[in-house]
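The values are calculated or read from the model by the stated rules, or taken from the named source; none is laboratory data. Fair warning: this is a prediction, and the values are worked out from it, not measured in the lab. Counting neighbours? That spans all protein chains shown, and the Cβs are built from the backbone with ideal geometry, glycine included. Heavy atoms of the whole protein, side chains included, go into the accessibility calculation; ligands, DNA and RNA do not. Shrake-Rupley method; radii C 1.70, N 1.55, O 1.52, S 1.80 Å.
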Amino acid sequence: MIILNVDQTKQWMVEIHQRMDEHKEQLTSLDQAIGDGDHGTNMVRGFQEVVHKTEDTDYENVADVLKSAAMTLTAKVGGASGPLYGTAFLQMAMSLQGKDVTDKAFIEAMDAATEGIQSRGKAEFGDKTMYDVWFQVASFLHSEPYETWRDMLEVCQAMIEDTREMVAKRGRASYLKERSKGHIDPGSMSSFYIFEALVAVLDLEG
Ligand SMILES: Nc1ncnc2c1ncn2[C@@H]1O[C@H](COP(=O)(O)OP(=O)(O)O)[C@@H](O)[C@H]1O
Ligand SMILES: [Mg+2]
């Protein structure tokens with residue numbers, strides 16, 4: 001069963017942008033607490049550029065939409081999150097190249113994205129970064145049948161809450177050492193909006 005086509009992938013980008021825009025202040029204040037306060041702006045600007053780029057372009061397949069998004073994020077977002085999300089979408093694209101996007105193919109693509117974030121940012125699980133939620137969600141998708149796509153949002157939310165008591169080991173928040181405790185990781189929160197937008201566009205009914 002194909003769960004994502006070209007139009008849905010373009011719509012995914014629109015839905016991500018909407019969510020980043022709606023939650024811009026939240027992402028900004030999370031990043032003000034343990035970073036430099038630019039995460040909301042980075043996400044809104046980055047995904048606005050992605051929507052500009054993808055909305056009026058004709059793509060042959062899902063992988064090409066994702067590649068376009070990846071290149072835009074890497075080029076247009078100044079913060080660490082741009083190249084990290086750029087790598088995630090690029091690896092997803094590579095993994096889906098030449099395939100129909102079935103649930104199995106997409107779960108593999110989520111793995112590829114997660115590994116991409118890890119190899120680009122060098123974070124380990126528990127370092128209080130977006131890698132924590134990508135790893136947790138990708139592992140969950142492997143262990144559960146595809147009917148549970150929606151449950152991945154709950155898994156993600158629980159992991160976001162777990163980042164609160166972690167000490168940051170990567171990114172700007174790591175400069176704060178112990179003082180990074182008590183706040184959730186901004187990139188984990190923005191990752192949630194990416195997954196929430198995905199669930200909104202996936203064809204789960206068949
Ligand atoms: N090395 C890394 N590996 C994985 N994720 C990282 C790394 N460094 C930063 N991040 C993620 O990026 C988020 C910060 O993004 P952003 O504020 O846009 O960039 P910057 O930190 O450059 O200001 C963090 O909350 C964290 O989730
Ligand atoms: Mg920042």
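Matching residues to (1) exposed (fewer than 15 other Cβ atoms within 10 Å of the Cβ); (2) on the phi > 0 side of the Ramachandran plot:
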position: 122; (1), (2): yes, yes
position: 139; (1), (2): no, no
position: 168; (1), (2): no, no
position: 171; (1), (2): no, yes
position: 189; (1), (2): no, no
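Only one of these is within 15 Å of ligand 1 (Cβ to nearest atom), open to solvent by 10 Å² or more (accessible area, probe 1.4 Å) and more than 17 Å from residue 197 (Cβ to Cβ): 41, 102. Name it. Quick ask: steps written out before the conclusion?
Details: 102 fails: within 15 Å of ligand 1 (Cβ to nearest atom).
Checking each option against the conditions leaves just 41.
So, in region 44-96, of the ones that are more than 18 Å from residue 192 (Cβ to Cβ) and of a type in the set (Ser, Thr, Tyr), which residue ends up nearest to ligand 1 (Cβ to nearest atom)?
87
Taking into account only those residues within region 191-206 that are part of a helix (DSSP H, G or I) and over 17 Å from residue 138 (Cα atoms), which is least open to solvent (accessible area, probe 1.4 Å)? So that I can check it myself, show each step before the final result.
Restricting attention to region 191-206, the residues satisfying the condition of being part of a helix (DSSP H, G or I) are 191-201.
Of the ones still in play, those that are also over 17 Å from residue 138 (Cα atoms) are 200-201.
Details: 200: 59, 201: 14 Å².
Taking the candidates together, the pick is 201.
Just to be sure before I move on: is residue 197 of a type in the set (A, V, I, L, M), within 16 Å of ligand 1 (Cβ to nearest atom) and touching a helix residue (DSSP H, G or I) at 6+ places or on another chain (Cβ under 6 Å) in the structure I sent? Walk me through it before giving the result.
On the way: of a type in the set (A, V, I, L, M): yes; within 16 Å of ligand 1 (Cβ to nearest atom): no; touching a helix residue (DSSP H, G or I) at 6+ places or on another chain (Cβ under 6 Å): yes.
So residue 197 fails the test.
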